[in-house]
Each structure stands twice: as structure tokens, then as C-alpha cells.
1. Can you tell me what the convex hull of the Cα atoms of the range 206-324 projects to on average, as an area in nm²?
2. Can you list the residues of the range 102-121 with backbone N under 20 Å from a point 7 Å past the Cα of residue 269, pointing along Cα to Cβ?
3. Considering only the other residues whose Cβ falls under 12 Å of the Cβ of residue 12, what net charge follows from Lys and Arg at +1 and Asp and Glu at -1?
4. For the chain, set up a GNM with springs between Cα atoms under 10 Å and report which of 279, 26, 180 has the largest fluctuation.
5. Report the net charge of residues surrounding residue 224, where surrounding means a beta-carbon distance below 10 angstrom and charges are Lys +1, Arg +1, Asp -1, Glu -1.
6. How high is the relative contact order of the chain, in percent, with contacts defined as C-alpha pairs under 8 Å that are six or more residues apart?
7. I want to verify a result. In a Gaussian network model of the chain, Cα cutoff 10 Å, which of these has the top mean-square fluctuation: 64, 281, 29?
8. Which FRET efficiency, nearest 0.05, do residue 139 and residue 315 yield, Cβ-Cβ r, R0 30 Å?
Amino acid sequence: MRAVLCTAFDGPDALETGQAPVPEPAGDELLVAVRTASVSYMDKLMTEGRYQMRPDLPYVPGTEAAGTVLAVGRDVPGYRVGDRVAAQVWHGGYAERLVAKHWRCAPVPDGVDDIVAASVLENYLAAYAALIDRCVLKSRETLLVTGATGGVGMAVMDLGRMLGARVIAGVGDAAKAERARAGGADAVVTYGDGDLRAQVDNLTGGSGLDVCIDMIGGDVFQTLARCMAWGGRLSPVGFVGGEIPALRMNLPLLKSFSVVGVFSGAWLDQCPDDAARAAKEVFSWIAAGRLHPRVDRVMPLTEAAEAMRILGRREVAGRIVLEV
């Protein structure tokens, strides 16, 4: 089968289009004919050898895809050949065929096309795990999300808006501020534009943040920890800034706020029934027009390396989707 292969942990430069064996589904897996696959920051980190998982080389990147079921494992309930599905995997999406555990798949409803379907599970299940499962975001609370114009950030803003929160986007520069407002942010703060803490205090009248979803880490996380409201929930989701922060524990003590970790990829495996219900719920909200996944652009599979470079330059608002 045609696939994109990563031949060394050297990032996009090590990607090439070639042939790979068609995978065989295990008893708890689906074999999917891939139509579309999305490009994530996790994909990029893995090709660079900077993710906690290092597949054996060569491997097929791609953590998320959408397509049609070709074969159903003997232990898989609820799926039939021909069903449209979205799948979230650790790797394997940039290919004509993939296998996925059935609990890492979700039926795609009518009215949701394959391009959108490939951009949903990784982003929106991360947002769901963070806002609904772990932080229990309530209507009228103030939510801030950093990395707001990335795929997960856009999903967090979208879901937070649907849940009735006041949404503040955290971005790196003025150009991204405009993208965040277009993505539904009620207000924007920029890390490089003056004092971040002063910006948050100004927007909240000094009352602080009820929920903060941080994907940057480093000094940004340290500053936001000083911006939490009494009883707030501060959630580290990633560290794209490159520095894993250490937190002075007097800060959550004095304001009685919680630090709530979210690892949505592991959540799928640890709580598969909850994650499967969440996926069906998210897709129903999309089909009903309550959520609006953002696809930045669509590119052919052969341009996977360039798509990853564009992502690395932070020129993306939402997801890049590859047509397979």
C-alpha cells in the first residue's frame, strides 16, 4: 500500500512516500481504508524523536484518520464492513490502510464529511477530557487556553464556548490574536506583549481564571499559576515551549486551586467506555452544528513533509488534513 514512511528521527526531512505492508487487524481492531488523515504536533515530535514513544524505524506517522471499515476483528462489537469511522492511533495514519483498536474509533454521522472527521478525535477528545471530564468547566466561568490557534486550542475554545464559558485565548503574537478572535475567543492575551499577569488581571478584574488549559509550559505556566481564581483548575496539557515547569506548591495552597493533568491519548486506553461515549457525543454536537472544527487547509498525502514544516512554523489555525 502507498504510505508516508519516517526513515530516521530527523523530522520532516526524513519523510518519504513509498510502499508499506497492509496491516492485519487483531481480534479487537478494525481495518480502515483511509480517506483523510490529519497532521498533529504529536506527529512532528515523534518524527523528531522527541515524543515519549519511539516506534521502530521505518514507521508510518499519523495519529488520526477517517475512512471506511474494510474488516472487523472477531472481538469488535458494533461495527460492520462499510461503516464510516474516525480513528485515533499512536501512528499509522498516513497510509491507504490502518488498523485501530475499536475503542479508539468512532462512527462518523451523516452530515460530517471525511475532511472534518479526520480532525476531530485528537483535538476534541483532548478538549473533552480537559474541560468536561477533568476540570468540570461550568457555564459563566472564565476559561483561558494557551496555544489557542493550534488544533487542540481551537477545540478547547469551541467546546468552552458551547459550554457557556467566557473564553480567553492565549497566543504568541498579534497575527495569531486575530485568528483566535475569528475562532470564537471573547478576549485575547499575548505572551510577548507586555506583562501576561497584568493582561489577565485586567480582563478578569483581578478575580482570576476559573480554568486554565496550558500547552506551552515554562514561564507561561508559572505566570498563569499566579492568575488562578479561588477553587480554580490549572491543567497542563503539553509543553510546546520546550520547558517542563516546576510549580511552587504554596500557590495552589493559598488559592485552593487544583493542578489537573490531562493525557487524552492514555485516557482512551484507561477509560475506553467513557472515551467512546465522549467521541459519539462530540460527533453528535458537530452534526448538530453546535461545534465547528477548524480545518486550516487540505493537502495531498505526498506533501506530508511540507504540512509538518508549516505546522512547525506555527502558521496553522486548526488542523491540516491530508487527502489519501
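Read-outs throughout are calculated quantities, based only on the coordinates presented, and are distinct from any laboratory measurement. All figures in this text were calculated on a predicted structure; none of them were measured in a lab. Because the Cβ atoms are built from the backbone with ideal geometry, glycine has one as well, and the counts that use them run over all protein chains shown.
1. That works out to 10.2 nm².
2. Hits in the range 102-121 for residue 269 at 20 Å: 102-106, 121.
3. Value of the local net charge: -4.
4. 26
5. Local net charge: 0.
6. Computed over the chain, the figure is 19 percent.
7. 281
8. 0.35
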